[in-house]
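The values are calculated or read from the model by the stated rules, or taken from the named source; none is laboratory data. Please read all numbers here as calculations on a predicted model, not as lab measurements. Here the Cβ is made from the backbone with ideal geometry for all residues, glycine too, and neighbour counts use every protein chain on show. Areas reflect the complete protein model, heavy atoms only, side chains present, ligands, DNA and RNA absent. Shrake-Rupley method; radii C 1.70, N 1.55, O 1.52, S 1.80 Å.
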Amino acid sequence: MQIEDVWIRKVFTGRGDVTVEVELTVEDPSSGEVLVTRAAAPAGASRGMHEVAYFPEGGVDAALAAFEKLVAPEVVGLDVTEAYVVDGKLEEVDGTPRFERIGGAVAIATSFAAAEAGAAALGIPLFAFIGGAYARKLPLPLGNVIGGGKHSRGLGPDIQEFLVMPLNPPDIFTAVYANVEVHKRALKQILKVDSSFTGGKNDEGAWTPRISSRTALKILKEVAAEVGGELGVEIGLGVDVAASSLWNGEKYVYKNEGVERGPREQLEFVAKLIEEFDLVYVEDPFHEEDFQSFAELTDKYRDRLIVGDDLFVTNPARIREGGKLKAATGVIVKPDQIGTLLRAYQAVITAREYGMRPVVSHRSGDTEYKTLAHIAVGFGADVIKTGIMGGERTAKLNELIRLGDYLGKWAVLPQRHWR
Ligand code: PGA
Ligand code: ZN
């Protein structure tokens, strides 16, 4: 099953970022049947310094030109049942480690579309194409209820994301429902402490009141206990500090709180939040070069998910560096950060070599595509971080519910076995 034709166009993410969508046509030589698959690249706002280049110099139009000139002539004719060959070709035609010539957006959209084509050619779901016949573990959904930082234009709390995750759900529908219910009910509690709040949501569909980080966590704790009690599910709390966005080279600047914290104070602050709110998930508590502080925190809390996003940028070499230092217990996997599914898969393998759990994640500017749900199941990820509200978020969550149906009694939901 060879790629017959390729196409690229400009489309938009849910936030309105211009991104690229790649379309592939594949023809079955025996039956003459034609398959068309397509995929788009998501876009980040609090990007890690070490991510691949999103577009080449010159922006989206340069990306389109690079696709036509460098990618299209080389991928036509490749066999999509070995989609990783397409990924390898992308690396070859670009020739730079950060995809500076074709851009990461072109690379990941092509990589996703090729994997979709491979699955379609074999007549199997994408998750099975990625993970094989025995892939049947569904991830626990992790989603943000209250948001601050860059995703809220600096108007909300200083910490970027306040998250919830069901820890022992009986099935995937109940898991998603728990998060949805916490999100809905949180509004009432927010209005009690911020009466000027008009129900604004940020890029990822999280509420953006003007409250402190501690107040946000207090609200989540109360609502999670209430919803968890009703559903008979334990709901854990988490944060994505996105600390690189707070770091000014010397200190972490909490603008809305009016506080600055040095590295040592930051460690104490985060440890206190973990203790006070029994946080099960902490992402990027330190800036993207501070492997050492990550290691110190992880040493104290090996039973929680201490996760690197900007720290690792889905880069196998950085994950290995962190693994050697025991810098984290979890690794964010954003395939677009590294440019191809092949490399993202290598990131997952490397994380596991060092006992770190993969957390497959969306971007703040995401698309209506459901690809990420299949990647999470295909990779056997313990957790999927994909928000709670908004069409580009529910696209992935609803697909997980469908996959739960598809797998039926063979579906496995991870429990909180890491604590
Ligand atoms: P993004 O960041 O805005 O770059 O997608 C999300 C995150 O920090 O997890
Ligand atoms: Zn993050």
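One residue alone among 31, 46 is polar (S, T, N, Q) and within 16 Å of ligand 1 (Cβ to nearest atom), and that residue is 46. Checking 85, 176, 145 one by one, the residue that is out of contact with any helix residue (DSSP H, G or I) (no Cβ under 6 Å at 6 or more places or on another chain) and either open to solvent by less than 10 Å² (accessible area, probe 1.4 Å) or hydrophobic (A, V, I, L, M, F, W, C) (or both) is 85 and no other. The test for being under 30 Å from residue 35 (Cβ atoms), open to solvent by 10 Å² or more (accessible area, probe 1.4 Å) and away from ligand 1 (no atom under 16 Å from the Cβ) does not hold for residue 99.
Restricting to region 228-249, what's the tally of residues that are assigned to a strand (DSSP E or B) and farther than 17 Å from residue 285 by Cβ?
Our first condition is that a residue be assigned to a strand (DSSP E or B); within region 228-249, this holds for 235-240, 247.
So of that shortlist, the ones also farther than 17 Å from residue 285 by Cβ come out as 235.
Here the count works out to 1.
Selection of first residues in region 306-330 that are under 14 Å from residue 347 (Cβ atoms) and of a type in the set (Ser, Thr, Tyr) and of second residues that are open to solvent by 10 Å² or more (accessible area, probe 1.4 Å) and away from ligand 1 (no atom under 16 Å from the Cβ), restricted to Cβ pairs under 8 Å at least 6 apart or on distinct chains, gives the following pairs, ordered by first then second residue: 314/343.
Considering region 233-258 alone, what residues qualify as being open to solvent by 60 Å² or more (accessible area, probe 1.4 Å), out of contact with any Ser or Thr (no Cβ under 9 Å at 6 or more places or on another chain) and more than 16 Å from ligand 1 (Cβ to nearest atom)?
From region 233-258, those open to solvent by 60 Å² or more (accessible area, probe 1.4 Å) are 234, 247-248, 250-251, 255-258; that's our starting set.
Filter once more, keeping what is out of contact with any Ser or Thr (no Cβ under 9 Å at 6 or more places or on another chain): 234, 247-248, 250-251, 255, 258.
Residues satisfying the conditions are 234, 248, 250, 251, 255, 258.
Of all the criteria given as (1) over 18 Å from the mean Cα position of the chain (by Cα); (2) buried (at least 16 other Cβ atoms within 10 Å of the Cβ); (3) under 16 Å from residue 86 (Cβ atoms), the one not satisfied by residue 41 is (1). When residue 203 is tested against the conditions (1) within 16 Å of ligand 2 (Cβ to nearest atom); (2) open to solvent by less than 10 Å² (accessible area, probe 1.4 Å), the lone failure is (2). Checked against the criterion of being within 16 Å of ligand 1 (Cβ to nearest atom), in contact with a Gly (Cβ under 7 Å, 6 or more places away or on another chain) and in the same structural domain as residue 373 (by TED's automatic domain parsing), the candidates 291, 312 yield just one match: 312. The strands (runs of 3 or more DSSP E) found wholly in region 259-376 and carrying at least 3 residues that are surrounded by 17 or more Cβ atoms within 10 Å (Cβ to Cβ), within 16 Å of ligand 2 (Cβ to nearest atom) and not aliphatic (A, V, I, L, M) occupy 357-361.
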